[in-house]
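Participant: Could you have a look at this structure, given as structure tokens, before my questions?
The values are calculated or read from the model by the stated rules, or taken from the named source; none is laboratory data. Computed from a predicted model, the values in this text were never measured in an experiment. Heads up, the Cβs are rebuilt from the backbone with ideal geometry, glycines too, and the neighbour counts pull from every protein chain shown. Remember, those area values only see protein heavy atoms, side chains included, never the ligands or the DNA or RNA. Shrake-Rupley method; radii C 1.70, N 1.55, O 1.52, S 1.80 Å.
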Amino acid sequence: MHPIYDIVGIGFGPSNLALAIALTEHNEQAETPVTAVFLERQDTFGWHRGMLLDDATMQVSFLKDLVTMRNPASRFSFLCYLRDRGRLIDFVNHKNLFPLRVEFHDYFEWAAAQVDDLVTYGTEAVGVAAIQDDLFEVTTATGDVYHARNLVFATGLRPAVPDGVELSDRVWHNSEFLHRVGELADPKRCVVVGAGQSAAEAVAYLHREFPNAEVCSVFSRYGYSPADDSSFANRIFDPEAVDHYYDAPDAVKQRLMDYHRNTNYSVVDVDLIAQLYRTVYQEKVLGRQRLKMMNLTRLVAVEESASGARAVIQSLVTGEQELLDADLVLLATGYDEAAPVLGALDETCARDENGRLVVGRDYRVQSLLRGGIYLQGGTEHSHGITSSLLSNVAVRSGEILASVLTNSAVLTNTPVPILATA
């Protein structure tokens, strides 16, 4: 006999961590607790560890932490973390809305430690199935089985790699940058592909840490584009903006994404742009140019050799190709939203004319089943730009929990047909 949980969460990044906190706070006041377990394949909590550069800052205000936008009085807030770490006054005196990325990761770990009774680490969910109309079975890689009335998928992002390019000892995605940068021993040339914040940060890091290396930044734009973090533009990240986006016609959805893509995608903090330009200009004055901006170009292939890698760079203007022998080709080429591994459940789920899952405003997948299938991520087509961002995790977790509670109340008073036997 296996216990039946109200929720089994698959994945335990910031989104499902926020949900674990929301239901913990709910259970502290509710007569009937919500039972849950979260399955995470990593051995410990971790969030983009490969890009936790010492001087990198968050691009989102600390007030958009795991709880504050949902419950400003929560004991799980970033401010409570600072007080616990003895840095609250120091942070206030710092007069800064954007903490270091390593500090925010430490905050996540601090919060995760307080709900670790709900998490099973080192556990990969490999199969899901419906054994009743409102009962799911989740199977792990080790053969363990979990039963739940609701599933919440938060499977995160997967690295995007250009077509025709494969990862190797000399070709890395930036998600593993800090894990592997120690492998470089006095490199002569590093090639960084991409035009976003991660690419610019990697360029600056490699240029600083390896003073004998030439660093080539390859991107298809004319130059790095600054992120639009102006006050009015930032309204695209408001919880209310999700309502507007969800209710809008498809044509308006596309316009909104086009208008505000520069708040998040392939954009760089203006201070970092200025720093890199200053470096390029300084090197021109001094007559030794190590930092090269190869704009209006793209990476078309990488040829491996015994001594390194040869990047094939093509001009978008002339079509001519240039070969760059490099010790490292770093792909700062972003991420794709990882689709939930629905298995046999997929045939019960509705999809639109483009093959995308039909998702309700409460992040519940439209399904033939009465049990709930919820998505944390993978909903940009329906809910907008905050689908995979931190900006809305606090509010979204509260909305999912409210939906689970509402639908559970309905189910308890409704007969359950049997689909299959366990």
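Participant: Among 342-348, 89-95, 389-395, 250-256, how do they line up by average Cβ neighbours within 10 Å per residue, starting with the highest?
Facilitator: Per-residue Cβ counts within 10 Å, averaged per peptide and sorted highest first, yield 389-395, 342-348, 250-256, 89-95.
Participant: Pull up the DSSP beta bridges for the chain and report the antiparallel fraction as a percent, rounded to 5.
Facilitator: Approximately 50 percent, going by the DSSP bridge assignments.
Participant: Shifting gears a bit: How much FRET efficiency would the formula 1/(1 + (r/R0)^6) give for Arg180 and Arg221, where r is the Cβ-Cβ distance and R0 is 25 Å, rounded to 0.05?
Facilitator: 0.40
Participant: Dipole size in debye (nearest 20) for the chain around its Cα centre, Lys and Arg Cβ +1, Asp and Glu Cβ -1?
Facilitator: It comes to approximately 1000 debye.
Participant: Let me ask something additional. Considering the Cα positions of the chain, please state its Rg to one decimal place and its Dmax as a whole number of Å.
Facilitator: Rg and Dmax of the chain, Cα atoms, are 23.4, 80 Å.
Participant: Also: Set the Förster radius R0 to 25 Å, insert the Cβ-Cβ distance between Arg85 and Asp271 as r into 1/(1 + (r/R0)^6), and round the FRET efficiency to 0.05.
Facilitator: That gives a FRET efficiency of 0.45.
Participant: Roll a 1.4 angstrom probe over the protein heavy atoms and tell me the percent of accessible area of the chain that is carbon or sulfur.
Facilitator: Carbon and sulfur: 51 percent of the exposed surface of the chain.
Participant: Does segment 36-103 come out rounded, prolate or oblate, given a ≥ b ≥ c as the square roots of the eigenvalues of its C-alpha gyration tensor, rounded meaning a/c under 1.5 and, failing that, prolate meaning a/b above b/c?
Facilitator: Oblate is the answer for segment 36-103, as a/c is 1.5 or above yet b/c matches or exceeds a/b.
Participant: Shifting gears a bit: Please work out the FRET efficiency for the pair Asp250 and Gln42, using the Cβ-Cβ distance as r and a Förster radius of 41 Å; give the result to the nearest 0.05.
Facilitator: For Asp250 and Gln42, the calculated efficiency is 0.65.
Participant: List the residues, sorted by chain then number, that are 5 or more residues from Gln366 or on another chain and whose placed amide H is less than 5 Å from its amide H.
Facilitator: Those qualifying (amide H under 5 Å, at least 5 residues apart or on another chain) are Ala350, Val358, Val359, Gly360.
Participant: Among the lysines in the chain, how many pairs, 8 or more places apart or on different chains, have alpha carbons under 27 Å apart?
Facilitator: Close lysine pairs under the 27 Å cut-off: 5.
Participant: Still on this structure, I have one more. For every other residue with a beta carbon closer than 13 angstrom to the beta carbon of Asn407, add +1 if it is Lys or Arg and -1 if Asp or Glu, then tell me the sum.
Facilitator: Neighbour charge sum, excluding Asn407 itself: -2.
Participant: Let me ask something else about it. So what's the gap between the Cα centers of segment 56-113 and segment 177-235, to the nearest angstrom?
Facilitator: One Cα centre to the other: 26 Å.
Participant: I want the local charge near Ala20. Using Cβ-Cβ distances under 12 Å, sum +1 for each Lys or Arg and -1 for each Asp or Glu among the other residues.
Facilitator: Residues near Ala20 contribute -4 overall.
Participant: Note the direction-averaged projected area, equal to a quarter of the hull surface, for the Cα convex hull of segment 164-308, in nm².
Facilitator: 11.3
Participant: For helix 250-260, what angle does its Cα long axis make with the longest principal axis of the chain, in degrees from 0 to 90 and rounded to 10?
Facilitator: With rounding to tens, the tilt is 40 degrees.
Participant: Working from Cα positions, state the angle (0 to 90°, nearest 10) between the long axis of helix 14-27 and the longest principal axis of the chain.
Facilitator: Computed tilt is about 30 degrees.
Participant: Counting other Cβ atoms within 10 Å of each Cβ, which GluC sites (Glu not before Pro) in segment 5-40 have at most 13 and sit in a DSSP loop?
Facilitator: Here the GluC sites (Glu not before Pro) that fit, given the DSSP loop and packing criteria, are Glu28, Glu31.
Participant: Relative contact order for the chain using alpha-carbon pairs under 8 Å, separation at least 6, rounded to a whole percent?
Facilitator: The normalised contact order for the chain reaches 23 percent.
Participant: For segment 76-215, what log10 I(q)/I(0) values come out of the Debye formula at q = 0.15, 0.20, 0.21 1/Å, with one point per alpha carbon and no solvent?
Facilitator: So the normalised log intensities are -1.06, -1.16, -1.20.
Participant: Please report, in cubic angstrom per residue, the volume enclosed by the convex hull of the alpha-carbon atoms of segment 240-352.
Facilitator: Looking at segment 240-352, the number lands at 223 Å³ per residue.
Participant: Tilt of helix 101-114 relative to the longest C-alpha principal axis of the chain, in degrees (0 to 90, nearest 10)?
Facilitator: Value to nearest ten degrees: 20.
Participant: Now for a separate question. Name the residue farthest towards the positive end of the dipole of segment 223-329 from the options Val267, Ser225, Leu324, assuming +1 on Cβ of Lys and Arg, -1 on Cβ of Asp and Glu, about the Cα centre.
Facilitator: Value computed over the given set: Leu324.
Participant: Which far-off residues, 5 or more places away or on another chain, put their amide H under 5 Å from the one on Tyr5, with H placed in the peptide plane?
Facilitator: His147, Ala148, Arg149
Participant: Can you compute the helix-only [θ] at 222 nm over the chain? Use -39500 (n - 2.57) per DSSP H run of at least 4 residues, normalise by all residues, nearest 500 deg cm²/dmol.
Facilitator: Per the formula, -8500 deg cm²/dmol.
Participant: I need the per residue convex hull volume for segment 231-297, using only the alpha carbons, in cubic angstrom as a whole number.
Facilitator: 112
Participant: Kirkwood hydrodynamic radius of segment 258-310 from all distinct Cα pairs, in Å?
Facilitator: Kirkwood radius, segment 258-310: 14.4 Å.
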